[in-house]
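K.L.:
Input: one structure, supplied below.
The values are calculated or read from the model by the stated rules, or taken from the named source; none is laboratory data. Every value quoted in this text rests on a predicted model; they were computed, and no experiment measured them. Methodologically, a virtual Cβ is constructed for each residue, glycine included, from the backbone with ideal geometry; neighbour enumeration extends over all protein chains shown.
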Amino acid sequence: MRIESAGGPGCTPKSLSHGRAISLLTARDDYNAAMQRREFLHYTAAIAVMARAPRSLAAAPAPKIAFTFDDPTTKDGANLASQEINGRILAALTNHKIKAALFVCGMRIDTDAGHQLVSDWNSQGHLIGNHSYSHLNFDEVTLPQFEADFTKNEPLIRSYRHFQPLFRYPYFKEGNTVQKRDGMRSFLHDHGYRHGRATIDASDWAISARLQKRVTENPKADLAGYRDFYLQHIWERAQYYQSLAERILKQPVRHTVLLHHNPLNALFLGDLIDLFVAKGWMPVNAEYAYEDPLYDRQPNTVPAGESLIWALAKESGKFAAELRYPGEDDTYENPKMDALKL
């Protein structure tokens, strides 16, 4: 605080009477003390507000996500040979230093070329899981038929070093009666299996089918629109399931996203992984994700299935307005792609 006398700016306290100078100095000290008290009160008030703030306002840990793939196949698609489709997907995972999980449906790889495809994944350290032999919809067959089809697939995958006893139900259908649901759960337990569920379901297969159709019609077609739609779709579904998980579990989740071994992912998987990283998510290895005890949960729902997060939300009875059935399907995405002329 600058002190000026009535005599003008040239005067200093020394030019004042002793009593007047003391009075002005005392006023200055009182002002400084008041300012210090005000700053202290502001500081302590801010600390108190921070202490009362919800923990959600603090820096949350980065969501974790592992990548899993269904239905490896030796079919060509979208002007890509099957070997190139497989090589591109593996290269994207290698470039991002990620170990994924491959859920093998036997009828699609029961050839020399198919065995080589699975061997390529195994040699690069990716998990190999069971996805049945014939890709039956459990809701449409009996329990004995479904068990037999599971068993038929085992010889094709069990000998691989990175085989893991994880079973993923085709179409995410885990039984439309309590008897079938619980019967297959007991069967898997007796065979030493865990459920190879995914927390984030999506319809990349529907986008890939449309992309392949376009390339068949026009081999030189611009595919940027399919890329953009794919990235937006997977990200939007991840946000949806992450939101449900936060409200149901109130703890971090090691997410697993369901994708497919197809031309769409051969072309754009690297872009998808980059997107999740740019959005603050942390890619993790599938083996690490499946170590989360969350994957041992057995939601009490009938019909059983869908995303694990969807099923837990259904079981809670609190999110009926947010849960469509089935959780994901091309019927939801086709109108959007129609509108975009994809």
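K.L.:
Every residue in the range 234-252 that is polar (S, T, N, Q) and touching a residue at least 60 places away in the same chain (Cβ under 8 Å), please.
P.N.:
Answer for the range 234-252, where residues must be polar (S, T, N, Q) and touching a residue at least 60 places away in the same chain (Cβ under 8 Å): just Q242.
K.L.:
Oh, and also: Considering each of L231, L166, L211 in turn, give the residue that is more than 28 Å from P293 (Cα to Cα) and touching a residue at least 60 places away in the same chain (Cβ under 8 Å).
P.N.:
L211
K.L.:
Can I ask one more? For Q116, state whether it is free of Cβ contacts under 8 Å to residues at least 12 places away in the same chain and either farther than 19 Å from A206 by Cβ or surrounded by 14 or more Cβ atoms within 10 Å (Cβ to Cβ) (or both).
P.N.:
yes
K.L.:
Kindly provide the set of residues from the range 137-161 that are touching a residue at least 24 places away in the same chain (Cβ under 8 Å) and crowded, with 19+ Cβ neighbours inside 10 Å, ordered by number.
P.N.:
If the condition is that a residue be touching a residue at least 24 places away in the same chain (Cβ under 8 Å) and crowded, with 19+ Cβ neighbours inside 10 Å, then F138, F146, F150, N153, L156, I157, Y160 are the ones that fit.
K.L.:
Is the range 127-136 home to any residue that is among the β-branched types (V, I, T), surrounded by fewer than 16 Cβ atoms within 10 Å (Cβ to Cβ) and modelled with pLDDT of 95 or more?
P.N.:
Taking every residue of the range 127-136 in turn, none turns out to be among the β-branched types (V, I, T), surrounded by fewer than 16 Cβ atoms within 10 Å (Cβ to Cβ) and modelled with pLDDT of 95 or more.
K.L.:
OK, next. Only one of these is hydrophobic (A, V, I, L, M, F, W, C) and either touching a Cys at 6+ places or on another chain (Cβ under 7 Å) or over 24 Å from W205 (Cα atoms) (or both): F319, F276. Name it.
P.N.:
On inspection, the qualifying residue turns out to be F319.
K.L.:
Same structure again: Being under 13 Å from A266 (Cβ atoms) and assigned to a loop (DSSP other than H, G, I, E, B) is the filter here; which residues of the range 75-103 pass it?
P.N.:
Correct list: K75, D76, A78, N79, A81.
K.L.:
V215: hydrophobic (A, V, I, L, M, F, W, C), more than 23 Å from the chain's Cα centre (by Cα) and surrounded by fewer than 16 Cβ atoms within 10 Å (Cβ to Cβ), yes or no?
P.N.:
Here the answer is no, as V215 does not meet what is asked.
K.L.:
Residues to consider are S56, S123; find the one that is modelled with pLDDT under 95 and within 26 Å of A289 (Cα to Cα).
P.N.:
It is S56.
K.L.:
On to the next question. Quick one: would you say T256 is of a type in the set (V, I, T) and either outside the structural domain of R194 (by TED's automatic domain parsing) or surrounded by 18 or more Cβ atoms within 10 Å (Cβ to Cβ) (or both)?
P.N.:
Criteria met by T256.
K.L.:
Within the range 293-306, is even one residue at pLDDT 95 or above and within 12 Å of the chain's Cα centre (by Cα)?
P.N.:
no
K.L.:
Do we have any residue at all in the range 235-243 that's hydroxyl-bearing (S, T, Y), at negative phi, over 14 Å from the mean Cα position of the chain (by Cα) and buried (at least 22 other Cβ atoms within 10 Å of the Cβ)?
P.N.:
Taking every residue of the range 235-243 in turn, none turns out to be hydroxyl-bearing (S, T, Y), at negative phi, over 14 Å from the mean Cα position of the chain (by Cα) and buried (at least 22 other Cβ atoms within 10 Å of the Cβ).
K.L.:
Test of understanding: among Q242, Q212, Q232, which residue is under 28 Å from G114 (Cα atoms), polar (S, T, N, Q) and in a helix (DSSP H, G or I)?
P.N.:
After applying the criteria, what remains is Q212.
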